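Just so it is clear, none of the values below were taken in a lab; they were calculated from the coordinates. Remember, predicted model here, so these are calculated numbers, not experimental data. Here the Cβ positions follow ideal geometry from the backbone for every residue, glycine too, while neighbour counts run over all protein chains shown.
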Amino acid sequence: MKKVVLSLIIILLICMISGCKSNEKKIKNNEILYDMAVNYIISNDDSEDRGKERYNMFADYIRFETTKDNKYRYAYMWIATESYYVADNKIVSTTGSSIPYKFTFEMKKDKVVKYETPEDGNGYAKSIKKMFPDDIENKVINYKYSSDKIIRDVKDFYRDISDQEIYTYTGEEYIKLNK
């Protein structure tokens, strides 16, 4: 009995030292998972501005890693989204986000089962460490996103609008943003 307990303690110590979180294995060539994740976010856009003239959600993403276990595949990534519409011949910024995600996919089907995002504020770093594999958690915590690509995409999408500045609308006036 003592040998069994000692063996279990040694196994647990090895796992703790090596940073084992799960039995996930890295997988390569799964670009489709990243694309499906972004499409999932866009297709589930529930912005109240969706019905406005030429409304569109733009997205950009950074790939961190894809893994799998016996049941699921996972995509770890950063997704930035920004939504815009046209009013009074102006490009108007509405909603946006820029956060890390963990997507869970069915093993055999290309279907999102769920996604997770970290907690806000004081719980942010702790939740990142819980959600992401050890080898990328610090990259995620320290990642700084730049919206340059989205802004280029927005201006290209609305290239027929003569005023290429981007505005926000307060309900009373348009205010030019520095984008």
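Please give the residues of the range 40-59, grouped as numeric ranges, whose backbone N is less than 14 Å from a label point set 7 Å along the Cα-to-Cβ vector of Lys149.
So the set is 58-59.
Checking the cross-link filter: which aspartates and glutamates have an alpha carbon closer than 14 Å to that of Lys28, excluding same-chain neighbours under 8 positions apart?
Straight-line reach from Lys28, under 14 Å: Glu65, Asp69.
Which peptide among 25-33, 126-134 comes first, and what is the full order, when sorted by highest mean count of other Cβ atoms within 10 Å?
On the way: 25-33: 12.7, 126-134: 16.3.
The most tightly packed comes first, giving 126-134, 25-33.
Helix-derived [θ] at 222 nm for the chain: sum -39500 (n - 2.57) over DSSP H runs of at least 4, divide by residue count, nearest 500?
Taking each H run of at least 4 residues, the total per residue is -9500 deg cm²/dmol.
Is there a pair in Lys108/Lys130; Lys26/Lys108; Lys90/Lys179; Lys108/Lys139 whose C-alpha atoms are over 22 Å apart, and which pairs would that be?
Over 22 Å Cα-Cα: Lys108/Lys130; Lys108/Lys139.
If the only charges are +1 at each Lys and Arg Cβ and -1 at each Asp and Glu Cβ, what is the size of the charge dipole of the chain around the Cα centre, to the nearest 20 debye?
1420
The list [x] 1.00; [y] 1.72; [z] 1.34 gives values of Cα Rg over 2.2 N^0.38 Å, and only one came from this structure; which label was calculated from it?
Read-out from the structure maps to [z].
Distance from the Cα centre of the range 122-171 to that of the range 32-101, in angstrom?
Answer, in whole Å: 10.
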